[in-house]
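This report concerns only the one structure given below.
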Amino acid sequence: MSLLEVEGISKAFGGIRALDACSVSVEEGSISGLIGPNGSGKTTLFNVITGYESVDGGEVRFEGRSITNARPDRVFEYGIARTFQLTRVFPRLTVLENMHVAAQRQGLKALLGRWSTSAEHRRALELLEFVGIAALRDYPAANLSYGQKKLLEFAFTLIADPSVVLLDEPAGGVNPTMINQIADRIRALNKKGITFLIVEHNMEFVMGLCASVTVLHHGRKIADGSPANVRNDPAVLEAYLGA
Amino acid sequence: MKILRIAGPLAFLAVLVAFPQIFPSPAITTVAVFTLLFATAATAWNIFSGYTGYIALGHAAFFGIGSYALALMCKDWKVPGGYLPFLLLPVAGLVAAAFSLPLGWIALRTRRHAFVVITIAIFFVMQLMAFNLHGLTNGSAGMELPIPIHWSGKFFNLPFYYVALFLLVLALAASWWIRNSKYGLGLLAIRDDEDRALGLGVKTGPAKLSAFVLSAFFFGMVGALHAYFVESIYPAFAFDPLIDVAVALMAFLGGLGTLAGPILGALILEPTQQYFTVRFSQNGYYLIVYGLLFLVIILVLPEGILPTLRKVWLKRWSGRGRSGPVESAEGAHPKMAIKMPQKGRVEP
Amino acid sequence: MQLVLDGIITGLMAGSIYALMASGLTLIFGVMDIINVGQGALVILGAYLSYLLQQKFHIDLFLGLLITMPLMFLFGLLLEWAFIRPLKRDRTTLSILVTFAIALVIEGVLGLLFTTNMVKLQAWYINASFRIGSFYIAYVHIFGFILSVILLGGLYLLLYRTKFGYSLRASMQNRVAAELIGIDVERVSAITFGIGVALAAAGGMAYGATSSFNPASHYDLISRLLVIIILAGMGSLRGALIASLGMLVVEDVTSVLWSPVWASTVFFIILIIILVVRPQGLFGQRLVRRQ
């Protein structure tokens, strides 16, 4: 049983079938890649898994349990976190406040208490240091550069200790030095037991990082396996280079 | 600096408490009562609209509901004028809150523009109900509230003033607590990016609704106190769209989303408005001046006084200004040692 | 039954007038993303302008439109330039406050110039009606209906057959993309606002010919217009037309069957009910969860 499974998912927007009986599975403890030409349905798949879109058919399973069409906040509570292709942080809140939005404490008492306990504060700082932007903690997130926002988003996705992290184009629009830093951090977190599913266009990044890769085209899975196999799969080559 | 934070508000409170003793003239204390009422309303409005970013322009409905609730209670239970009606204020507030629960739930199913309009629609429905339900509300003839006949002319305003001040302190305390709580952070996150907040576990639906109901509760109490103060109400007066506009303007002027902003806005605008009503008694002028004032404020200070001051202050203090993007983090150390965060959930 | 049909007919007539006013409002929203809460006041302003022309210069109401509409168009351009364009942040919210302020000023000025007494536009065709079978239809209603058809038809032609209309529709769908393909969105916005105000002038004349009004009438008017365009789905012209006709028919039928007093309440309650079931309005786009 895979940690995260998507089976036979279909999703259409008007006449456009974004996902067409798509099935993908993610093994626990892996770093998996999800690639495909533009419009192949990768981000829609993320949206469907995390509850931002409803499905027309099919099932999403996490730890064996069905979580199809669960609301985004429930999905987050199950332990699935995600980042967005166009980085979404909270612009008018400071970097530190951004870190604390993600729910860690539950219950009414926690809600009415201070927005940050000392233990949470420490953890937030730890994560900020991990991604390297701890010095910016009191600045409004709007003032950060694009790369720094990406790091911030990465950091606060981690704060509630997710089991699975879905990264949508973590290397997009980022300079090569930082791409390596991001890859290193993903590896380090993976060693600690966090599973990653990464959508990316940067092939070097994906092939170097991911143990298994799934390829989508027109909303369907057309190949999966190790990076080497996928790279040479004729169907994949045709999808990217062909008609 | 910290001492200023505590001493400042306390000093201000002391001034407010002493105010009627220093300026006992009923003309002045009347304006003061209205100002306090609007300051409370603006603070309460800010708890919802300021923190969540959903602009509600129908809260005057709850003001009106509170007014009529108190009037009806006093009439049905034969409550005499005096201190007793003050005790009924929370009840009026609860009545307004009770109405706001289903109405808020409906309104919050929409976003942004549709939300604003539906709050306006709800307001008009309430106003029309007040007109139409003759049996209950006496229609356009309005209702009367008990008059505290035992209070002398000079004394009359004082109880109202202090109760109003109490309401303001209550509202401000609520606003302060929320702002510093996890709940408040959730509200602010909703303002910045609601769907993102949802995806991080923030319960956006209950959060918005509870803020809505809380602000309606205060509006109900303010409306009730206002009704008791002016001694009689009728539909167009208790359900007055200009209340919403005034409250919104006060909050915007002072700084939407700040703690003290709405109060500052009320302190500036309400006395001004009272002055205009007296000075430009011919209705036409009053509206023109009010409208123009409005326009000037919005165009000149779109962010409000406090946030603008804060920006200026920050620029002065930090020289280069802390507003620019900071280069430090990335690229400084290409192969930074990775400090691993501790795994495991945080114990509170 | 006769009564119901009567209600339906009056509703359709009144609805066509509201459609005229509402289309301006929804157009402005669609292109500029702002809610012009002052549209009601602009309608009343148009009504008073027609009143002035008719009282002072004895110009027929419909002919007077040839003066009031261009005048109001220019006024709209001025308003947009002076008060809407400077808004940078928080445009939607601030525009509500700004346009409301404009409405207040207009109300105040009109009150000074014309007092707050109720007035009604005069003409030979007001208060005169003709018969069709067992129904009486007021001339003014028919003329108003025809006016709406002409103007809305003209609007349709403008939107779908001219280059400007193309730019307008593009700006409505995607402002940024429109800019990128070379459309001067600012100019389109200004002109759209002008058109919206000009339509308000026409609507004002028709409204004033069918109901009495005073400067404070704009509250009632704008609240209904807002309900109509929300119901329609903001930005949808087709929706505005259908919703206007629909709502007014419902209101007039309710008025006939039940009571005039409750008729206006029904108006708002319908909105609330529909929004519970369908928050995006009848014809609107669902606010898709942003990616």
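Among the residues of the stretch A:140-161, those that are modelled with pLDDT under 90 and assigned to a loop (DSSP other than H, G, I, E, B) comprise A:Ile159, A:Ala160, A:Asp161. All of (1) at the interface with chain A (Cβ under 10 Å from one of its Cβ atoms); (2) under 19 Å from the mean Cα position of the chain (by Cα) hold for B:Leu209 with one exception: (1).
A quick yes/no check of all residues on (1) buried (at least 20 other Cβ atoms within 10 Å of the Cβ); (2) under 26 Å from C:Gln280 (Cβ atoms); (3) in contact with a strand residue (DSSP E or B) (Cβ under 8 Å, 6 or more places away or on another chain):
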| residue | (1), (2), (3) |
| --- | --- |
| B:Ala39 | yes, no, no |
| B:Ile55 | yes, yes, no |
| B:Leu70 | yes, no, no |
| B:Pro80 | no, no, no |
| B:Leu89 | yes, no, no |
| B:Gly93 | yes, no, no |
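Applying the criterion of at least 1 residues that are within 14 Å of another protein chain (Cβ to nearest Cβ), touching a residue at least 60 places away in the same chain (Cβ under 8 Å) and surrounded by 23 or more Cβ atoms within 10 Å (Cβ to Cβ) to the helices (runs of 4 or more DSSP H) found wholly in the stretch C:188-291 leaves C:218-232, C:237-257.
Could you list, in sequence order, all residues of the stretch C:1-60 that are under 20 Å from C:Phe213 (Cβ atoms), of a type in the set (D, E, K, R) and touching a residue at least 12 places away in the same chain (Cβ under 8 Å)? Once the filter is applied, which keeps residues that are under 20 Å from C:Phe213 (Cβ atoms), of a type in the set (D, E, K, R) and touching a residue at least 12 places away in the same chain (Cβ under 8 Å), the stretch C:1-60 yields only C:Asp60. Within the stretch C:125-148, residues that are surrounded by 18 or more Cβ atoms within 10 Å (Cβ to Cβ) sit with their Cβ atoms under 6 Å from residues that are of a type in the set (A, V, I, L, M) and assigned to a loop (DSSP other than H, G, I, E, B), at 6+ positions apart or across chains, in these pairs: C:Val140/C:Ile126. In the stretch B:129-150, of all residues being of a type in the set (A, V, I, L, M, F, W, C) and touching a residue at least 24 places away in the same chain (Cβ under 8 Å), the one that is nearest to the other protein chains (Cβ to nearest Cβ) corresponds to B:Phe131. Criterion applied to A:Leu151, A:Leu167, A:Leu136 was being touching a Gly at 6+ places or on another chain (Cβ under 8 Å) and crowded, with 22+ Cβ neighbours inside 10 Å, and the one residue passing it is A:Leu151.
Taking (1) in contact with a strand residue (DSSP E or B) (Cβ under 9 Å, 6 or more places away or on another chain); (2) within 21 Å of A:Ser32 (Cα to Cα) in turn, A:Ala155 satisfies each apart from (1). Of the residues in the stretch C:106-113, at least one is under 21 Å from the mean Cα position of the chain (by Cα), among the acidic types (Asp, Glu), farther than 22 Å from C:Gly233 by Cβ and at the interface with chain B (Cβ under 10 Å from one of its Cβ atoms). Of the strands (runs of 3 or more DSSP E) that lie entirely inside the stretch A:21-136, those containing 2 or more residues that are closer than 26 Å to A:Gly173 by Cβ and among the aliphatic types (A, V, I, L, M) span A:31-35, A:80-82.
Restricting attention to the stretch A:167-184, does a residue exist that is facing chain B (nearest Cβ under 9 Å) and on the phi > 0 side of the Ramachandran plot? No, there is no match, as no residue in the stretch A:167-184 is facing chain B (nearest Cβ under 9 Å) and on the phi > 0 side of the Ramachandran plot. Please specify each residue of the stretch C:82-101 satisfying the condition of being in contact (Cβ under 8 Å) with a residue 60 or more places away in the chain, within 25 Å of C:Leu52 (Cβ to Cβ) and more than 7 Å from chain B (Cβ to nearest Cβ). Passing the criteria: only C:Thr99. Annotation note: of C:Leu71, C:Leu61, the sole residue that is touching a helix residue (DSSP H, G or I) at 6+ places or on another chain (Cβ under 8 Å) and either crowded, with 23+ Cβ neighbours inside 10 Å or closer than 17 Å to B:Leu292 by Cβ (or both) is C:Leu61.
Identify, please: which residue in the stretch C:104-122 is assigned to a loop (DSSP other than H, G, I, E, B) and on the phi < 0 side of the Ramachandran plot and is, among those, modelled with the lowest pLDDT? Result: C:Gln122. Screening the candidates A:Gly147, A:Gly79, A:Gly107 for the property of being more than 7 Å from chain B (Cβ to nearest Cβ) and touching a residue at least 24 places away in the same chain (Cβ under 8 Å) yields one hit, A:Gly79. Would a scan of the stretch A:39-53 turn up a residue that is in contact with a Phe, Trp or Tyr (Cβ under 8 Å, 6 or more places away or on another chain), more than 9 Å from every other protein chain (Cβ to nearest Cβ), buried (at least 22 other Cβ atoms within 10 Å of the Cβ) and not hydrophobic (A, V, I, L, M, F, W, C)? For the stretch A:39-53, residues in contact with a Phe, Trp or Tyr (Cβ under 8 Å, 6 or more places away or on another chain), more than 9 Å from every other protein chain (Cβ to nearest Cβ), buried (at least 22 other Cβ atoms within 10 Å of the Cβ) and not hydrophobic (A, V, I, L, M, F, W, C): absent.
Residue by residue through the stretch C:56-77, note down the ones that are in a helix (DSSP H, G or I) and more than 19 Å from the chain's Cα centre (by Cα). C:Lys56, C:Phe57, C:Leu63, listed by residue number. The residue pairs whose first member lies in the stretch B:246-268 and is of a type in the set (Val, Ile, Thr), whose second member is surrounded by 24 or more Cβ atoms within 10 Å (Cβ to Cβ) and modelled with pLDDT of 90 or more, and whose beta carbons are closer than 6 Å, counting only pairs six or more residues apart or on different chains, are B:Val247/B:Ala41; B:Val247/B:Ala42; B:Val247/B:Trp45; B:Ile263/B:Ala39.
The values are calculated or read from the model by the stated rules, or taken from the named source; none is laboratory data. All of these numbers come straight from a predicted model, not from anything done at the bench. Counting neighbours? That spans all protein chains shown, and the Cβs are built from the backbone with ideal geometry, glycine included.
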